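S.K.: Pasting in a structure now, in structure tokens, and then I'll have a few things to ask.
Each reported figure results from applying straightforward, stated rules to the coordinates on display, with no laboratory input. Model, not experiment: these values are computed from the prediction. As a convention, Cβ positions derive from the backbone with ideal geometry for all residues, glycine included, and neighbour counts pool all protein chains shown.
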Protein chains: 2
Amino acid sequence: MSSSSVNLKAMPGRLTSSYSEVQASRLDVSLPLPSVLKSSFSVVDGPKSSAAGNPEEIAKLFPNLFGQPSAVLNPGGSSVLSKDTSLKIGVVLSGGQAPGGHNVISGIFDYLQHRTSGSTVYGFKGGPAGIMKGKYVELSAEFVYPYRNQGGFDMIASGRDKIETPEQFKQAEETAKTLDLDGLVVIGGDDSNTNACLLAEYFRGKNIKTQVIGCPKTIDGDLKSKEVPVSFGFDTACKLYSEMIGNVMTDARSTGKYYHFVRLMGRAASHITLECALQTHPNITIIGEEVAAKKQTLKSVTDYITDIICKRSELGFNYGVILIPEGLIDFIPEVQQLIAELNEILAHDVVDEAGVWKKKLQSQSHELFEFLPPTIQEQLLLERDPHGNVQVAKIETEKMLLQMVETELDKQKQEGKYKRDFLGKTHFFGYEGRCGLPTNFDANYCYALGFGAGALLHSGKTGLISSVANLAAPVEQWTVGGTALTALMDVERRHGKFKPVIKKAMVELEGAPFKKFASFRDEWALKNRYVNPGPIQFLGPAANAINNTLLLELGAQA
Amino acid sequence: MSSSSVNLKAMPGRLTSSYSEVQASRLDVSLPLPSVLKSSFSVVDGPKSSAAGNPEEIAKLFPNLFGQPSAVLNPGGSSVLSKDTSLKIGVVLSGGQAPGGHNVISGIFDYLQHRTSGSTVYGFKGGPAGIMKGKYVELSAEFVYPYRNQGGFDMIASGRDKIETPEQFKQAEETAKTLDLDGLVVIGGDDSNTNACLLAEYFRGKNIKTQVIGCPKTIDGDLKSKEVPVSFGFDTACKLYSEMIGNVMTDARSTGKYYHFVRLMGRAASHITLECALQTHPNITIIGEEVAAKKQTLKSVTDYITDIICKRSELGFNYGVILIPEGLIDFIPEVQQLIAELNEILAHDVVDEAGVWKKKLQSQSHELFEFLPPTIQEQLLLERDPHGNVQVAKIETEKMLLQMVETELDKQKQEGKYKRDFLGKTHFFGYEGRCGLPTNFDANYCYALGFGAGALLHSGKTGLISSVANLAAPVEQWTVGGTALTALMDVERRHGKFKPVIKKAMVELEGAPFKKFASFRDEWALKNRYVNPGPIQFLGPAANAINNTLLLELGAQA
């Protein structure tokens, strides 16, 4: 095991001797592989690809890669890959944790062990910065073992740096040359996979042999397409949050006097919130994409919640559970407008106690500001980032909504429309879901993604994202291949230049998961159809369940 | 199924058809019983009992029950109970939820089904108020079935009312007479079991046939004694919190830049925090009982945390996990003093902006107030209960400590003693742990507690708490009996009168669990010995593990 100037002290390897029984029980589980990966296969190209949008611009940005076909692994065939090849492969984790990342690395490692001879895997430490700075560790079977089927990204750690500037590409090139890298696997989200494709293009353009393959990672579930049905980690995170939500529901029903406002991680998209709703059947679920599509205001969201609480009260239910996506505020245009105005005003003016400064707000924004609870007003005025901007991410949306609902119900009580005492509790489920032990699904899926990435590199591919599909079938029947990253791309104009982007997959209001939710939500609102999914099981009948979103989307495509 | 004027709409029965796979898989699990309960047994009395303290006063308060022996079930024997008996038994859930309550009720129900003929079980609805108001439901096999091995208290719901005044005892008497009750099982914490004993005494004193048996319930783990080794729900709650803590630890280690301040439910006692520490090995754990014993101040607790953060920083670790018990503030005398002074001052004076009012604080309290973060100062001044008192329970201790640590580290940074940017995140794990699916241990323990309670009633006992022991052995070898509730009691003087109390069992600094923790905490502080217990399993090798606290306490007694 070699390593270049890495602070190994700060990343002590794991000791399996101190593992819990459950952790230990996961170490030696032998994972099923798709049958195509279990014997000899050939890698077959599909038709020429295009782009998700603006193909002319994508073609200009990726002159060497644009149009290349996606690839699929077929059993047997004539072009069976040689076992005598010896490859030097790097792997890097990029961005936030998602359960299963360690299994992707195990999959790559095992592929090379079984299907090539004398290959080497380098783990770049701390994300893309590890590539640029040449910080890596050479993986051995002993080094990889403690991380098999375990959560977290701590085997080699992750980071949020990007390879962007010409100097940074040059640094990556130097590392690739120094290590004589045949290939690099980038495990990350939409941005990281875009970055992976730019690096593939750069290497190809400079005739550097290093191939680059991406892997779809994010608990948020917003990196997906027809060929990449789901990003890994989504399944585990949603099941962990749903376990907690289910428990809170049982508590709400048993206690009979609290409304629980639960905010869920997931960034801009509401996939996690939608999936948790499908798993647990809450009384109220706010989906950001719907709020945006209906151009709802904060007041109308509040009214929607308040209205259901009043109706439930009439039925004798003075408790409930409400799910709120982390990114809700981003979907409400009036809030964005208010924040823009505040940033402008606060940059130039003093906030006087008497509130004269508020006259500078446009009337709609002024009205909205007055509608906000005092603690949120204060947060907007006081908590600023180093650039002096309002810190939207720090707003605890669940507390804000609770307070607005409280105020509204107080009003209705005075008018005699609501007769009970309203009691609310707030929760934020986030960090506890990013690093759980991967579910059987995520463990298997990630292992196949890694194994498949190894096969793609072995067959000389670059600029593809590892794609494992047919996921509703038993693992043996899963398909394995690689999708041209350029085929997933569109461009965005930033600072007058076209930038390639893999567009975030938002919740589709016409998609099967949302439609199922929409068809049930009125029933869930007034009747109590709570489901407690319970803790993730690794053995027994429930252990191999797959999340609803994926199943419904696959069904819709079939 | 009959029921008296209960709003059944507000308590819809559960539909197993909508259960998750894990919920459903738990329904038909056949639970192991201690072997003494599997065939014929006789109930054998022990020696005359006394009280935990002030036996003369307890004798005066319980003239009919004081001194009665505890009982134990022995296999076989001559005084085998008749199967022809027909009993009418009531059951009530009292206080906060704890996983396993439904299994206690199933245990009582099944005992009566198997060991008596034509018996009836009434479930009093919504806690002790259900007894006083005569609100109940008659339990049938179909009614009980959906709740088997499920979390929550919603089968009959719970409540916090107490039977205290002479009128309320009279109401309970009327219900007992109306239903011709032979017995009543009170499932609750220390207060509820004290109440159960008072009711047993009352019935005995008035020659009413209704016997009363208690069952030890509370996730907080503070109701225990030599005969009652643990309260039910503690095992499940600690495992649920530890699952989350373990995930946060993996996240902390993977991300490498956050300190997570985790506050844990558990009221006054720190049992839950201690058990979670033993399960997960956090860097820092604050135990309230130790803080009190060492007469620590808020400043010294802050310094302890800050010191470890600085040392870890020198080792290259800029992340960590800190556990804080819910009841911490109650253990710090200076905080109690400040709050008492604030209550006094705020009752009479206006809080002027200039802060002149602060001159009324004693100097130590003034100093402490100034040491507190502004948001906490504000909370102390603004958030008052209906009596005008400061709401201590609403203080988010984890946020308070985070802010104080932040301020202290800023100071040290200016002095050049700390060189990093400190980033903190806060969590409160509470409601999501009270209603989880019971672990195998809690499911088995509760079923035995209920089955045993049935046997005690069947044999004519009253004023006992169902006691299942030898819990480190396989279930078959568990012992079953009843402990005289008066033997657990002491008195407290309230409003000039002696009141009986079962003293809360606090963390013993000389006990085996704390000692084990204390012997490891320095290692855990600086090295990273994180353990991720993973999700609770119902099958497989880890499914039957028992919590550390119980095992260590049993070992210490052995």
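S.K.: Could you please state, rounded to a whole Å, how far the C-alpha centre of segment A:414-481 is from the C-alpha centre of segment A:110-160?
M.R.: Centre-to-centre (Cα) distance: 21 Å.
S.K.: Let me ask another. Taking each label point as 7 Å beyond Cα in the direction of the beta carbon, state the distances from B:Lys38 to the same residue in the other copies, shortest first, in nm.
M.R.: In nanometres, ordered from closest: 4.0.
S.K.: For peptide A:242-249, what's the mean number of Cβ atoms from other chains within 10 Å of each residue's Cβ?
M.R.: Partner Cβ neighbours, averaged per residue: 6.
S.K.: Which value, in debye to the nearest 20, gives the size of the charge dipole of segment A:71-193 about its Cα centre, when Lys and Arg are +1 and Asp and Glu are -1 at the Cβ?
M.R.: Charge dipole of segment A:71-193: 140 debye, to the nearest 20.
S.K.: Report, in whole Å, the centroid distance computed from the Cα atoms of segment B:509-537 and segment B:316-379.
M.R.: Value for the Cα centre distance between the two parts: 31 Å.
S.K.: Give me the dipole magnitude in Debye, nearest 20, for segment B:413-558 about the Cα centre, with unit charges on the beta carbon: positive for Lys and Arg, negative for Asp and Glu.
M.R.: Taking the Cα centre of segment B:413-558 as origin, the dipole is about 680 debye.
S.K.: Order these peptides, B:122-134, B:412-424, A:520-532, by their mean beta-carbon neighbour count within 10 angstrom, highest first. Before the final figure, lay out the partial values.
M.R.: On the way: B:122-134: 24.4, B:412-424: 13.3, A:520-532: 18.5.
Result, highest mean first: B:122-134, A:520-532, B:412-424.
S.K.: Shifting gears a bit: DSSP loop (so not H, G, I, E, B), at most 14 other Cβ within 10 Å: list which GluC sites (Glu not before Pro) in segment A:337-367 pass both filters. Don't skip to the answer; put the middle values down first.
M.R.: Details: sites: A:Glu341, A:Glu344, A:Glu353, A:Glu367; in loops: A:Glu353.
Sites meeting the loop and neighbour criteria: A:Glu353.
S.K.: If you don't mind, there's one more thing I want to ask. In segment B:432-474, what chymotrypsin sites (Phe, Trp or Tyr not before Pro) fall in a loop by DSSP, with at most 11 other Cβ atoms inside 10 Å?
M.R.: Loop-located and lightly packed - none at all.
S.K.: Say R0 is 56 Å: what FRET efficiency, to the nearest 0.05, do B:Lys503 and A:Ala518 get from their beta-carbon distance? Present the calculation step by step, with values, prior to reporting the outcome.
M.R.: Numbers: r = 55 Å, r/R0 = 0.97.
After rounding, the FRET efficiency stands at 0.55.
S.K.: Using helices alone, I'd like the mean residue ellipticity at 222 nm for the protein assembly as shown: each DSSP H run of four-plus residues gives -39500 (n - 2.57), total over residue count, nearest 500.
M.R.: So the calculated ellipticity at 222 nm is -12500 deg cm²/dmol.
S.K.: If you put a point 7 Å past Cα along the Cβ direction, how far is that point for B:Glu314 from the same point in each other copy, in nm, smallest first?
M.R.: Label point to label point, same position, other copies: 6.8 nm.
S.K.: Same structure again: Select from B:Ser42, B:Thr549, B:Cys276 the residue farthest towards the positive end of the dipole of chain B; place +1 on Cβ of Lys and Arg, -1 on Cβ of Asp and Glu, and compute about the Cα centre.
M.R.: B:Ser42
S.K.: For labels at A:Arg160 and B:Lys206 in the simple 7 Å Cα→Cβ model, what's the distance in nm?
M.R.: 6.6 nm
S.K.: Further, regarding this structure: Considering the options A:Pro166, A:Tyr136, A:Val186, tell which one lies farthest towards the positive end of the dipole of segment A:130-192, charges being +1 on Lys and Arg and -1 on Asp and Glu at the Cβ, about the Cα centre.
M.R.: A:Tyr136
S.K.: Shielding of B:255-262 by partners, i.e. mean partner chain Cβ atoms within 10 Å per residue?
M.R.: If you average over the peptide's residues, the count of other-chain Cβ atoms is 3.
S.K.: Another question, if that's okay. Compute the distance in nm between two label points, each set 7 Å from the Cα along the Cα-to-Cβ direction, one at B:Gln113 and one at A:Glu370.
M.R.: If labels sit at B:Gln113 and A:Glu370, their model points lie 6.3 nm apart.
S.K.: Using packing as a proxy for protection, rank B:146-154, A:47-55 so that the peptide with the highest average count of other Cβ atoms within 10 Å comes first.
M.R.: Packing proxy ranking, top to bottom: B:146-154, A:47-55.
S.K.: Over all alpha-carbon pairs of the protein assembly as shown, lay out the pair-distance distribution in 20 Å bins, whole %, shortest bin first.
M.R.: 12, 39, 35, 12, 1
S.K.: Further, regarding this structure: How do B:His366, B:His271 line up, fewest other C-beta atoms within 10 Å first?
M.R.: If I rank by nearby Cβ atoms, fewest first, I get B:His366, B:His271.
S.K.: Can you bin segment A:313-467 into rounded, prolate or oblate? Criterion: square roots of the alpha carbon gyration tensor eigenvalues sorted a ≥ b ≥ c, rounded for a/c under 1.5, prolate for a/b above b/c, oblate for the rest.
M.R.: Working: a/c = 3.47, a/b = 1.55, b/c = 2.23.
The shape class here is oblate.
S.K.: Give the percent of DSSP beta bridges with both residues in chain A that are antiparallel, rounded to the nearest 5. Let's see the in-between values first.
M.R.: Details: 24 of 58 bridges.
So the antiparallel bridges amount to about 40 percent of the total.
S.K.: Let a ≥ b ≥ c be the square roots of the eigenvalues of the Cα gyration tensor of segment A:519-558; is it rounded (a/c under 1.5), or, if not, prolate (a/b larger than b/c) or oblate?
M.R.: The shape class here is oblate.
S.K.: Still on this structure, I have one more. For the pairs B:Lys60/B:Lys503; B:Lys360/B:Lys411; B:Lys177/B:Lys497; B:Lys394/B:Lys515, note any where the Cα-Cα span goes beyond 27 Å. Could the numbers behind the result be given before it?
M.R.: On the way: B:Lys60/B:Lys503 18 Å; B:Lys360/B:Lys411 29 Å; B:Lys177/B:Lys497 30 Å; B:Lys394/B:Lys515 31 Å.
From B:Lys60/B:Lys503; B:Lys360/B:Lys411; B:Lys177/B:Lys497; B:Lys394/B:Lys515, over 27 Å: B:Lys360/B:Lys411; B:Lys177/B:Lys497; B:Lys394/B:Lys515.
S.K.: Evaluate peptide A:539-550: per residue, the Cβ atoms of other protein chains within 10 Å of its Cβ; return the mean as an integer.
M.R.: Counting Cβ atoms of other protein chains within 10 Å of each residue's Cβ and averaging gives 3.
S.K.: Given +1 on the Cβ of Lys and Arg, -1 on the Cβ of Asp and Glu, and no further charges, what dipole in debye does chain A carry about its Cα centre, rounded to the nearest 20? Write down the numbers at each step before the final one.
M.R.: Details: 58 positive and 62 negative charges, 151 e Å.
Dipole about the Cα centre, nearest 20: 720 debye.
S.K.: Continuing with the same structure: Can you list which of the DSSP-assigned H helices in chain B have a Cα extent of 24 Å or more along the long axis and an average Kyte-Doolittle score of at least -0.5?
M.R.: Working: long enough: B:234-255 (31 Å, -0.12); B:298-315 (26 Å, 0.04); B:397-414 (26 Å, -1.01); B:440-458 (27 Å, 0.48).
Helices meeting the criterion: B:234-255, B:298-315, B:440-458.
S.K.: In the protein assembly as shown, with Lys and Arg counted as +1 and Asp and Glu as -1 at Cβ, which of these residues, B:Leu423, A:Val351, A:Thr297, has the Cα nearest the positive end of the dipole, that is, farthest along it?
M.R.: B:Leu423
S.K.: While we're looking at this one, here's another question. Calculate, in nm to one decimal, what A:Asp349 and A:Leu315 gain on full extension: separation in residues at 0.36 nm each, minus their alpha carbon distance.
M.R.: 7.2 nm
S.K.: Can you list the HN-Hα couplings for segment B:494-507, worked out from phi with the Karplus curve (6.51, -1.76, 1.60; θ = phi - 60°), rounded to whole Hz and with x for Gly and Pro?
M.R.: Once rounded to whole Hz, the list reads 10, 6, x, 10, 7, 10, x, 9, 8, 5, 4, 7, 8, 5.
S.K.: Related question: Report, for A:Gln477, each distance to the same residue's label point in the other copies, shortest first and in nm; define the point 7 Å along Cα→Cβ.
M.R.: For A:Gln477, the inter-copy label distances come out at 4.9 nm.
S.K.: Which order do the peptides A:226-236, B:218-228 take when ranked by the mean count of other beta-carbon atoms within 10 Å per residue, highest first?
M.R.: Per-residue mean Cβ counts within 10 Å order the peptides as A:226-236, B:218-228.
S.K.: Take every Cα-Cα distance within segment A:461-558, group them into 5 Å bins from 0 onward, and report for each bin the whole-number percent of pairs it holds.
M.R.: In whole percents, the pair-distance histogram is 2, 9, 11, 15, 17, 16, 11, 9, 6, 3, 1, 0.
S.K.: Please order B:Lys239, B:Lys394, A:Lys358 by the number of other Cβ within 10 Å, starting at the fewest.
M.R.: By the 10 Å Cβ count, ascending: B:Lys394, A:Lys358, B:Lys239.
S.K.: Ok, one more. Of B:Leu551, A:Leu179, how do they rank once you tally other Cβ atoms within 10 Å and put the fewest first?
M.R.: Listing B:Leu551, A:Leu179 from fewest to most nearby Cβ atoms yields B:Leu551, A:Leu179.
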